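Quick notes on the structure that follows.
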Amino acid sequence: MTTFLGMPAVGGGPAIRHARVPGSIPGALGNVFESEHFPDYAERELGNAQLRRNLGHATSTIRAKRANVVAELPDWEELRSAGAAIKQTVMANLPELLEQFAEAFEAAGGHVHWARDADEANRIVEELIEAHAPVLDTGRREVVKIKSMATQEIGLNEYLEPRGIDAFETDLAELIVQLGDDKPSHILVPAIHKNRTEIRDIFLEQMPDVDPGLTDDPPKLAEAARRHLRNKFLTTKVAVSGANFGIASTGTLGVVESEGNGRMCLTLPETLITVMGIEKLLPAPEDLEVFLQLLPRSSTGERMNPYTSFWTGVTPGDGPQNVHVVLLDNGRSRALADEYGRSALHCIRCSACMNVCPVYERTGGHAYGSTYPGPIGAILSPLLTGVEAEENDSLPYASSLCGACYSACPVKIDIPSILVHLRGEDHLAKEEAAAEAGPAQRVRRLASAEGQLDAGLKAASWAMADGRRIALAERALPLASLLGARSGRIRRMPGVVGAWTSSRDVPRLPAQSFRTWWGKNRGAAPSSGHDRSAAAKEGDR
Amino acid sequence: MASAREEIMGRLHEALGREDGVTTRPGIVPGTGRPVDIAAPVPRDYRRTGALDHESVIAQLVDRLVDYRANVVEAQPAEVPGVVAEKLAGAASVVAPLGLDGGVLSALDEPVLSALDPAVHITVEDETTALTVDELDRTSAVITSSRVSCAQTGTIFLDGADDCGRRAISLVPDHHVCLVPESSIVEIVPEAWARIDPTRTVTMISGPSATSDIELERVEGVHGPRTLDVVIVRGV
């Protein structure tokens, strides 16, 4: 595995095509934006010691589980390659596969709706609920929900609430988040930032009929959730779900879960509404033999999750007889149009990348703002919205580019390379904006961190392009090494690098460069190109 | 005004650079600058058949089910009614699908439920006797057969056929007794999935209902049946 770090190819490598996204394709709406810049949010979260303990415990547990079950499969790498190739095929044929899926789903008695963005999807779901869920004595309508990233993304619950509809989350972690009036911080385990005691306290405060003697024993907490939701499952007429997979050739939908809350929602209500991102399709049933192995092992670190359900439109006498699917674009076509970042749409929402990410492990998911946190969120959110949107320009920098996410990804999304690509996009967007702006803004840009970095990099590029120039620059070293001479550390640097030294010391610069040292001790010059003359001269001295 | 469907299709065609059906924007392989080869076939050199002998496959299934905290017993055909009666001993009421004794289980000498305590209230569902959700909620246990089982992952597949029943019956009662005919056990996921028709209602069950939502520790017993008894029926 290699990780592209944005270094230009040496010696006539392939030219990197730069294909901008057509401006006519609109970006996403909904919960896919940073509310503030990542570094600011992250800095605050880093001060929360309980959060860091909870996250460290949870991510290290799941990393070990995943590693064990992945090591069990001798053909894991072949499965990853097949998964990546299937998803690539899906993206290349997305229009045709969508038509095929819609036709098959309708032929099986289901209804297909198309939503350009979050607003349109919310409106469609609202209208369906109003048509099929009765108004209760409370004057409100109710629906039960299966944990779904798509409905989080479009902000469905918040949309429905002021419109007289209560959406009850039935996944235990989503329930914890909903009762605690909190936000999910992880794709798979939305309440990963809460420990058992914090969860017990939320239940005691928010569940009307809870046993006041409830302990923080996990089985007791699970039991409390079962009792709390049981009657809702048995009486609610409409359920809303997402989908992990849609099979284009058969019109089949699939949901992968653990607790049985999914089965309850998919089976007992009269009406089922599924909101599915258009990228979730697979061409044919046989493709599932790959993803049914990749997904559970990558997400919960189990050989298989407890329950997986598939349904195809309506099955007479079995489950909901009024079945709908909302096919959601909301920026996916925009991400598809980014030829470099397109493969972010391969994501199967397993969350393996966040569990291995050193940045996520310390900041937690809230710092990423969007519904999609962690490494995948750092590329997916700006791809869905455009990197120039609101605060999402800080997300591509929320990574050390260590590459652990790429190694863990079951469909081999090269997240580090796409992060570097998006940093380039961000840079270009800012340059373009500055070029269009007036002189005052151009000066501001020059003085900004990016402007200083630009100037610094331009100067470095000029100096490093020629051995004589670099030798000249190195002559300043003995002088520069006086900085921090007393302590051996440089504690404060000016300008843009000041941000670096605000929390770190820089070691004192050496009194001579390596090339000078080599000249003195080995006497011979380094042996390539026009460096020779400069180094030889130094050696002569 | 274009419909949402037309507009989304238009965006997708533009994103892929479709010109007369040909994709001119195939995507770029990150980190390389090379175009994606969208005509390349999917490499399927992962394992599609298992390597274990038949007895080892059964042993593996038992091991994985036990790992998920399911209870597993093996029974010879003549022992099945007795074993089932034992498993359902404490139940006040039991629901079963119409075709429980059909399929491969028709080879049994006695019906599956023939040894049950006469005090147990049995509902065998057909179109006219389907229980309401409330009735199911008051039913203590369910017994079904199954379509295929995957040893490697400890997964039992139900497909809504006459011997598996509709999905609600194997979900709402708190105790599920599931018969697994020996001939339906395979080793790995591709072998199991190949025996499934995905256009039926498919439920894959790997142990009793569980959650890992509290500190990522697996806890058995949330909304689905909290007790899963698996009876592996030898010789059929």
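For segment B:144-190, the relative contact order is 53 percent, taking Cα pairs closer than 8 Å that sit 6 or more residues apart in sequence and dividing their mean separation by the residue count. Which angle from 0 to 90°, rounded to the nearest 10, does the C-alpha axis of helix B:54-67 make with the longest principal axis of chain B? The angle comes out at about 90 degrees. Computed over chain A, the per-residue total of -39500 (n - 2.57) for DSSP H runs of n ≥ 4 gives a 222 nm mean residue ellipticity of -14500 deg cm²/dmol, rounded to 500.
Each DSSP beta bridge with both residues in segment B:54-233 is either parallel or antiparallel, and the antiparallel ones are about 25%.
Using the Cα centre of chain B as origin and beta-carbon charges of +1 (Lys, Arg) and -1 (Asp, Glu), tell me which of B:Leu108, B:Trp193, B:Thr132 is placed farthest towards the positive end of the dipole. So the residue we want is B:Trp193. Listing B:Leu65, A:Leu419 from fewest to most neighbouring C-beta atoms within 10 Å gives B:Leu65, A:Leu419. List the residues of segment A:244-282 whose backbone N lies under 14 Å from a point placed 7 Å from the Cα of B:Arg18 along the Cα-to-Cβ direction. Within reach of a label on B:Arg18: no residues. Loop-located GluC sites (Glu not before Pro) across segment A:38-115 with a Cβ neighbour count of 14 or fewer within 10 Å are A:Glu72, with loop assigned by DSSP. Comparing A:His111, A:Gly498, A:Thr312 along the charge dipole axis of the protein assembly as shown, the residue lying farthest to the positive side is A:Gly498, per the Cβ-charge model.
Each label was represented as a point 7 Å from its Cα along the Cα-to-Cβ direction; for B:Asp109 and B:His54 these points are 2.2 nm apart.
With just the Cα atoms defining each centre, how far is segment B:197-221 from segment A:479-513? Give it in Å. Result: 56 Å between the Cα centres. When Lys and Arg each count +1 and Asp and Glu each count -1, what net charge do the other residues less than 12 Å away from A:Val323, Cβ to Cβ, add up to? Summing Lys/Arg as +1 and Asp/Glu as -1 gives -3.
Placing R0 at 35 angstrom, the Cβ-Cβ distance between A:Ala511 and A:Glu43 gives a FRET efficiency of 0.45 after rounding to 0.05. Sequentially through segment A:166-175, phi angles give Karplus couplings (6.51, -1.76, 1.60; θ = phi - 60°) of 9, 9, 9, 6, 10, 5, 4, 5, 5, 4 Hz, Gly and Pro residues having no value and appearing as x.
Sequence-ordered 3J(HN,Hα) estimates for segment A:431-443 from the Karplus curve with 6.51, -1.76 and 1.60 and θ = phi - 60° stand at 5, 4, 4, 5, 5, 7, 7, x, x, 4, 5, 5, 5 Hz, glycine and proline given as x. In segment B:1-40, the convex hull through the Cα atoms has an average projected area of 3.8 nm², a quarter of its surface area. Sequence-distant contacts, meaning Cα pairs under 8 Å at least 6 residues apart, place the relative contact order of chain B at 23 percent. Each of B:Thr129, B:Thr139 was scored by other Cβ atoms within 10 Å of its Cβ. Arranged with the fewest first, they read B:Thr129, B:Thr139. Stokes-Einstein diffusion for segment A:24-436, with the hydrodynamic radius set to the Kirkwood value over Cα pairs and evaluated at 37 °C in a medium of 0.692 mPa s, equals 151 µm²/s. Neighbour counting of Cβ atoms within 10 Å sorts the residues A:Glu153, A:Glu158, B:Glu191, fewest neighbours leading, into A:Glu158, B:Glu191, A:Glu153. In the protein assembly as shown, the DSSP beta bridges split such that about 35 percent are antiparallel, to the nearest 5. Ranking B:Val142, B:Ala168, B:Ser183 by Cα position along the charge dipole of segment B:54-233, where only Lys, Arg, Asp and Glu carry charges on their C-beta atoms, puts B:Ala168 farthest toward the positive end. Packing here is the average count of other Cβ atoms within 10 Å per residue, and on that basis the peptides A:174-183, A:391-400, A:434-443, B:198-207, highest first, run B:198-207, A:391-400, A:174-183, A:434-443.
Once you reduce segment B:110-160 and segment A:236-270 to the center of their Cα atoms, the two points are 22 Å from each other.
If I model a spin label at A:Leu214 and A:Leu472 as a point 7 Å from the Cα along the Cα→Cβ vector, what separation in nanometres do I get? Modelled inter-label distance: 7.3 nm.
Cα centroid separation, segment A:106-150 to segment A:306-321: 17 Å. Backbone amide hydrogens, once placed in the peptide plane, bring B:Val148 within less than 5 Å of B:Phe157, excluding anything fewer than 5 places away on its chain. Compute the long axis of helix A:449-464 from its Cα atoms, compare it with the longest principal axis of the Cα atoms of chain A, and write down the angle in degrees, 0 to 90, nearest 10. Approximately 40 degrees, to the nearest ten. Starting from a Cα-only point model with no solvent, please compute log10 I(q)/I(0) by Debye for segment A:228-364 at q = 0.11, 0.15 1/Å. Values returned for q = 0.11, 0.15 Å⁻¹ are -0.48, -0.87. What you get for the protein assembly as shown, charging only the Cβ of Lys and Arg (+1) and of Asp and Glu (-1), is a dipole of about 4760 debye around the Cα centre. Applying a 4.7 Å Cβ-Cβ cutoff to the protein assembly as shown leaves A:Cys265, A:Cys347, A:Cys350, A:Cys357, A:Cys402, A:Cys409, B:Cys150, B:Cys164, B:Cys178 as cysteine residues with no disulfide-compatible partner. Considered as an equivalent ellipsoid built on the Cα gyration tensor, the protein assembly as shown has semi-axes of 54, 28, 27 Å, the largest given first. P(r) tail, segment A:294-338: Cα-Cα pairs separated by more than 16 Å, 66% of all pairs. Taking label points 7 Å from Cα along the Cα-to-Cβ direction, B:Asp117 and A:Ser400 give a separation of 6.2 nm. Multiplying the residue separation of B:Asp197 and B:Asn71 by 0.36 nm and removing their Cα-Cα distance gives an extension gain of 42.6 nm. Can you tell me how segment B:54-233 classifies by the Cα gyration tensor, rounded, prolate or oblate, using a/c under 1.5 as the rounded cut? In terms of gyration-tensor shape, rounded. Summing +1 for each Lys or Arg and -1 for each Asp or Glu among the other residues whose beta-carbon sits under 14 angstrom from that of B:Ala192 gives 0.
Among beta bridges from DSSP that stay inside segment B:1-144, the antiparallel ones total about 30%.
For chain A, the relative contact order comes to 20 percent (Cα pairs under 8 Å, sequence separation of at least 6).
No lab work stands behind these numbers, since they all come straight from the coordinates. Note that the coordinates shown come from a computational prediction; the quantities given were computed from them, not determined experimentally. For neighbour counting, all protein chains shown are included, and Cβ atoms are generated from backbone atoms with ideal geometry for every residue, glycine included.
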